[in-house]
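S.K.: Attaching a single structure in C-alpha cells format; questions to follow.
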Amino acid sequence: MRSECVIVTALLFALTCCVSNVFAETRLFDMGKADSNVWEGATAVTAASVYSQDAGFGWESAEGLKEQARIYAEPVFSKSRGREQPPVMYTNAITEDCIIGEGDSRFLVDLPNGEYHVYVMCGTSDSYRNQYWDFGVAATDAEQAAQLWTGDDFASVLGEGAGRVQIEGGYTYRVLNLRALVTSGKLAVSFQPHSKWLASAVLIYDDGEAARVEKEIIKPLEDWTFFLPPAEAEKWTLEPPPETGAMPALSDADRQRGYVIFHRPWPECVYPNMTPRPEETNPELRIFASPGEYEPLTVSVRALRDLEKLMVTVSDLGPIAAADIDVRHVKYMKARPNYTVLHRYRIVPDVLEPFEFTDVPEGETDRFWLTVRVPEDAQPGIYTGSLKLAAMNAGEATVPVKLRVLPIKLQEDPEKIYGIYYRHPIDRMLSASDEVSREYFRRQAELEAQDLVAHGIRNVTMSAWMAPADENGEFHPDWTGLEAKLDLAKRYNFKPPFIVSVNTGGIYRKYMKESYGSHLRMVKIPPPEFAQELTAMCKVVEAERVKRGWPEFLYYPIDEPGRQPEAVEFMKIVLKAVKDAGVRTYLTADPTADAFQPWKSLVDVWCTQPFAPDRETVLSDSAARGVEYWCYPNHVAGENDHTPVAGARMTFGFGFWRSGFRTLIPWIYCANIGDPFNYLTGSAMDFMNRHEPDGAPMPVALWEAYREGYDDYRYVYTLQQLVEKAKASDNAAARQAATRAEKELQYVWDSIQVQPKYKYDDLWPAHDFDVYRWIVAEQILKVQTAMGG
C-alpha cells in the first residue's frame with residue numbers, strides 16, 4: 001500500500017484537512033510511486049492500480065506504464081560555488097512523482113451520472129532534459145471513450161472536454177480544466193500521446209463543490225507548484241514597485257468606457273501600478289522605419305474597473321497586412337532583483353506573451369506590444385491604420401497609428417559581429433529518445449536561427465566537447481553535433497569566427513580526481529601531462545576544422561577565471577597549452593584587472609562584461625598587436641535584472657558605436673534553471689527568451705531592445721558609408737550635404753555620455769532614442785537627395 005502522510009506545513013494542513021472526508025462527487029487522485037507521499041485527502045494511484053469494481057478506480061490497463069519520483073524539499077549547498085541555493089523546484093506530494101506512458105491509456109473512475117469538472121495536472125520532478133512531452137487528454141463518459149481511438153485530435157472532437165499538453169523537459173507543470181458528462185456511471189480520463197504522456201494528479205468535482213475545491217485544493221496546490229511552498233514563501237519579501245504619479249483628470253469617455261489608454265515610449269518600463277501622465281493619454285502612435293526593418297509599438301491600459309477578456313486587434317498598416325502584425329501582452333513576472341539573490345522579489349514587465357484576450361483587474365495597468373515589419377519592397381510614404389481595444393464588460397476604443405516608410409536601404413558594418421551565448425537545441429535533438437522529440441528540437445533550432453537573424457544576431461557559441469584521451473593517448477570525438485550546428489549557421493549566413501569551448505575540466509579531473517570549481521575557486525596546479533593533453537585535444541579539433549573547411553574557431557578553455565594566485569597561475573598554463581596548438585584563444589575576463597596582466601601575451605580575444613578598456617586603448621592595442629575586444633554585457637542580459645530596457649538599446653546601438661569593441665555577445669539567448677516561468681527557484685534566476693508550448697521563441701522586452709539598438713547602429717553605419725561616398729564624388733551639392741551630415745553625426749556622438757555599462761543612469765530619456773535615430777535618418781535622406789537619389 002502506498003503510505004499516506006500529512007503535508008508538513010501547518011497552513012496547508014488547515015486548508016486541506018476537510019478533503020479527507022471524500023464525497024462521491026469529489027475525488028482527488030495522486031499519481032506516482034507506492035512509497036511516495038500522498039496529498040492530504042487524496043487517493044494514491046500507482047502504475048499497477050488497475051481498475052476493479054471493488055476499488056472503483058484505476059487504469060484500464062497497466063501495460064507500458066511506469067512511475068517517476070524525486071523530492072526537492074530543502075535548499076542545497078553547492079560545493080563548486082561555495083554557497084547554499086534553492087533547489088531546482090520545491091516538490092509537494094503531487095508534484096514529487098507521476099505516472100508516465102508511451103501508448104494510449106485510460107484512467108477510469110466510478111461516479112454518479114452527471115456533469116463534472118476534471119482538473120488534470122501533468123509534469124515531472126526529474127530533468128528529462130531531452131524529452132518533449134506532447135499528448136492529448138480527454139474527459140468523457142467511459143462508453144464514449146472507447147470511440148476516441150481513431151487518431152482524431154481530442155480537442156477538435158470534444159471541445160472543452162479535451163485539451164493538449166506540451167512540455168519541454170522536466171520541472172514544469174501544465175494544468176487542464178476539462179468538463180465531462182457521465183451517463184454510464186463511469187468517467188474515463190484518456191491519454192493520447194504524440195510522443196509520451198505523464199500525469200501527476202486528477203481531481204474530479206461537480207459545480208456544487210467548485211468554490212470549496214478551488215479554495216481548499218486547487219489554490220494551495222497551484223501556489224506551491226507555480227510559486228513557492230508556504231513555509232518558503234514566508235521567507236520572501238515583495239519589494240515595492242517604482243513610484244508613480246497621481247491619476248490625471250479623466251474624461252467622461254474614459255469613465256464610461258472603464259479604462260484609460262495611454263502611450264509611453266517602449267524603452268521605459270510600465271509596471272502594474274503605473275498611472276498615465278496627462279500628455280500620454282488618448283495617443284496617436286507614430287513610427288518610422290525602412291524597408292526590411294522591424295519596429296515596436298506599445299499601448300497601455302489603466303483599468304478603472306475589472307476588465308474581462310480585453311482584446312486588441314489591428315488594421316492593415318499601409319503595406320503591412322494586419323495578419324503580419326505581431327500583437328502580444330506584456331506579462332508581469334515575479335523576479336529576483338539580481339541573478340542569485342534570495343528571499344526578495346519584484347513584479348516586473350518581462351515576457352511578451354501571445355494572447356487572444358486578457359483580464360485586467362481594477363487599478364492595474366497592462367501593456368500591449370506590437371511588432372511590425374516593413375516589407376522589403378514597401379514604397380516610401382506615410383500610411384495610416386488603427387488598433388482597437390474592446391472588453392466584454394467595457395466599451396471599445398480606437399487608437400490611430402501612423403507609419404512613415406523611408407526610402408533607405410540599411411547597411412550592416414561587416415567589421416562588427418552581433419552574437420550570443422547559446423544552448424543549442426541540436427544537442428538535445430541528438431540525445432532525444434523518440435522521433436517527436438527529435439523533430440521538436442530540430443524545428444526549435446530552425447525557429448531560433450530565424451529569430452536570431454531577425455534580431456541581427458549572426459554568431460553563437462559552440463562546443464567541441466570530447467572525452468579526455470584514453471589509455472593509449474587517443475581521442476574519440478563525435479563531430480555530428482558540431483557539424484550540424486555549423487551547417488545551420490552557414491544556411492543562415494552567420495559570421496565567424498565561432499567561439500568553441502573545449503573539455504578543459506574533463507582533463508583536469510582525469511589528473512586531479514576532482515573539479516576545479518566555479519571560477520577556479522578550488523583549483524590546484526596539475527602535472528605537466530595536463531597541459532600536454534589539452535594541447536593535443538585542441539590540435540585534434542583544429543585539424544578537423546581545417547579538413548572540413550569550417551570557418552575559424554576561437555578556443556575557449558575556461559569561463560570567467562578567478563583572481564586568486566592559484567587561478568592566475570593555472571590560467572597561464574591553460575592559455576599557453578591552447579596557444580601551443582597553433583590556434584587563437586578566447587577568454588572571458590577583464591583585461592584592465594591587474595591580476596590578469598600575466599596573461600596579456602596569451603590572449604587573442606578578450607571578452608569583458610563592460611566596455612573596458614576605453615575606446616582609445618582598444619583601438620591602439622588592436623592595431624598594435626591584433627588583439628580583439630568583445631563584450632558580454634550581462635548587466636542588460638536579464639541575468640542581473642530584467643528591466644534595463646533603455647540600457648540594452650543604448651548598449652547595442654549608440655554605445656557599441658562609441659566603444660571601439662568588435663563584438664557584442666551577451667549571456668544568453670535563453671537561461672532556464674527549472675520551471676521557465678518561475679524565476680524564484682533554482683540556483684539562479686531564469687532569464688531572457690521563453691518558449692511557447694510548441695517550442696517557438698517567446699521574446700522578452702530586453703530581446704526586442706537588442707534589435708532596436710542593432711538598428712540604431714545600422715542607421716549610423718549607413719550614414720557613415722553614404723557620407724564617404726558623397727565626399728568622394730564630383731557632386732558639389734553632395735559634398736556639402738555630407739559635410740552637414742558629419743556635423744549632425746558628431747552632435748549625436750557628443751550627446752552620448754560614455755559609460756562602461758549602460759544600464760539606468762545617465763541615459764537619454766526614453767523618447768530621445770528615436771529623436772537621435774531620426775537625426776541620423778534625416779541626414780541619410782538629405783545626402784541621398786543631394787546625390788540624386
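S.K.: Quick one: 3J(HN,Hα) in Hz for the range 592-600, Karplus 6.51/-1.76/1.60 with θ = phi - 60°, rounded, Gly and Pro as x.
M.R.: Values per residue, Gly and Pro as x: 8, 6, 4, 4, 9, 4, x, 9, 3 Hz.
S.K.: Give me the mean projected area, in nm² to one decimal, of the convex hull enclosing the Cα positions of the chain. The partial results should precede the final answer.
M.R.: Details: hull surface 151.5 nm².
Its average projected convex-hull area is 37.9 nm².
S.K.: Would you mind checking which residues have amide H under 5 Å from LEU554's amide H? H placed 1.01 Å from N; only 5 or more apart, or other chain.
M.R.: PHE498, ILE499, VAL500
S.K.: Can you list the lysines whose alpha carbon sits under 23 Å from that of LYS524, skipping same-chain ones fewer than 8 residues off?
M.R.: Cα-Cα hits under 23 Å: LYS79, LYS510, LYS513, LYS572, LYS576, LYS579, LYS600.
S.K.: If you take the charge dipole of the range 181-232 about its Cα centre, with +1 on Lys and Arg Cβ and -1 on Asp and Glu Cβ, which of SER190, ALA201, ALA231 is farthest toward its positive end?
M.R.: So the residue furthest toward the plus end is SER190.
S.K.: When all protein chains stay in place, what accessible area (Å², nearest 10, 1.4 Å probe) is found for GLU552?
M.R.: It works out to around 70 Å².
S.K.: For the chain, with every protein chain kept in place, what is the accessible area per residue (1.4 Å probe, Å²)? The partial results should precede the final answer.
M.R.: Working: 31990 Å² over 789 residues.
In whole numbers, the chain has 41 Å² accessible per residue.
S.K.: Also, quick follow-up: In whole Hz, with x marking every Gly and Pro, tabulate ³J(HN,Hα) for the range 635-650 from phi via Karplus 6.51 cos²θ - 1.76 cosθ + 1.60, θ = phi - 60°.
M.R.: For the range 635-650, the Karplus-derived couplings read 5, 10, 10, x, 4, 8, 6, 8, 10, x, 5, 5, x, 5, 5, 5 Hz, x marking Gly and Pro.
S.K.: From largest accessible area down, sort LYS186, LYS334, LYS743, LYS485; use a 1.4 Å probe on the protein chains.
M.R.: On the way: LYS186 55, LYS334 90, LYS743 140, LYS485 10 Å².
Reading off the accessible areas and sorting them downward yields LYS743, LYS334, LYS186, LYS485.
S.K.: Okay, moving on. Ordering GLU569, GLU280 by accessible area with a probe of 1.4 Å, largest first, what comes out?
M.R.: Highest to lowest solvent-accessible surface, that is GLU569, GLU280.
S.K.: If DNA, RNA and ligands are ignored and the probe is 1.4 Å, what is the ranking of TYR747, TYR679 by accessible area, most exposed first? Walk me through the numbers before you get to the answer.
M.R.: Numbers: TYR747 115, TYR679 0 Å².
Descending accessible area places them as TYR747, TYR679.
S.K.: I've got another one for you. So which aspartates and glutamates can LYS215 reach, going by Cα to Cα under 17 Å and dropping same-chain residues fewer than 8 places off?
M.R.: GLU25, GLU40, ASP206, ASP207, ASP223
S.K.: Carbon and sulfur atoms: what percent of the 1.4 Å accessible area of the chain do they account for? Kindly include the intermediate steps, with their values, before the conclusion.
M.R.: Values: 15770 of 31990 Å².
Percent of accessible area from carbon and sulfur atoms in the chain: 49.
S.K.: Give the accessible area for TRP764 in Å² (nearest 10); use a 1.4 Å probe, count only protein heavy atoms, and leave out ligands, DNA and RNA.
M.R.: 30
S.K.: Turning to a different aspect of this structure: Enumerate the lysines that LYS757 could reach by cross-link, defined here as Cα to Cα under 21 Å, with residues fewer than 8 away along the same chain left out.
M.R.: Partners found: LYS416.
S.K.: Would you mind checking which residues have amide H under 5 Å from LEU352's amide H? H placed 1.01 Å from N; only 5 or more apart, or other chain.
M.R.: Amide H to amide H, under 5 Å and 5 or more residues apart or across chains, LEU352 pairs with LYS331, VAL700, ALA701.
S.K.: Enumerate by residue number the trypsin sites (Lys or Arg not before Pro) in the range 233-268 meeting two conditions: DSSP loop (anything except H, G, I, E, B), and at most 11 other Cβ atoms within 10 Å of the site's Cβ.
M.R.: Working: sites: LYS235, ARG255, ARG257; in loops: LYS235.
Listed in order of number, the matching sites are LYS235.
S.K.: How big is Rg to Rh over the range 668-771, alpha-carbon atoms, Rh as the Kirkwood inverse-mean-distance radius? Walk me through the numbers before you get to the answer.
M.R.: Working: Rg = 20.6 Å, Rh = 17.5 Å.
When Rh is taken as the Kirkwood radius, the ratio is 1.18.
S.K.: On to the next question. With θ taken as phi - 60° and the coefficients 6.51, -1.76 and 1.60, list the Karplus ³J(HN,Hα) couplings across the range 342-348 in order, rounded to whole Hz; mark glycine and proline as x.
M.R.: Values, residue by residue: 10, 6, 9, 8, 10, 9, 10 Hz.
The values are calculated or read from the model by the stated rules, or taken from the named source; none is laboratory data. Note that this is a predicted model, so its numbers are computed, not measured. Don't worry about glycine lacking a Cβ; one is built from the backbone with ideal geometry, like all the others, and counts go over all protein chains shown. Each accessible area value is taken on the protein alone, full model and side chains, heavy atoms only, with ligands, DNA and RNA left out. Shrake-Rupley method; radii C 1.70, N 1.55, O 1.52, S 1.80 Å.
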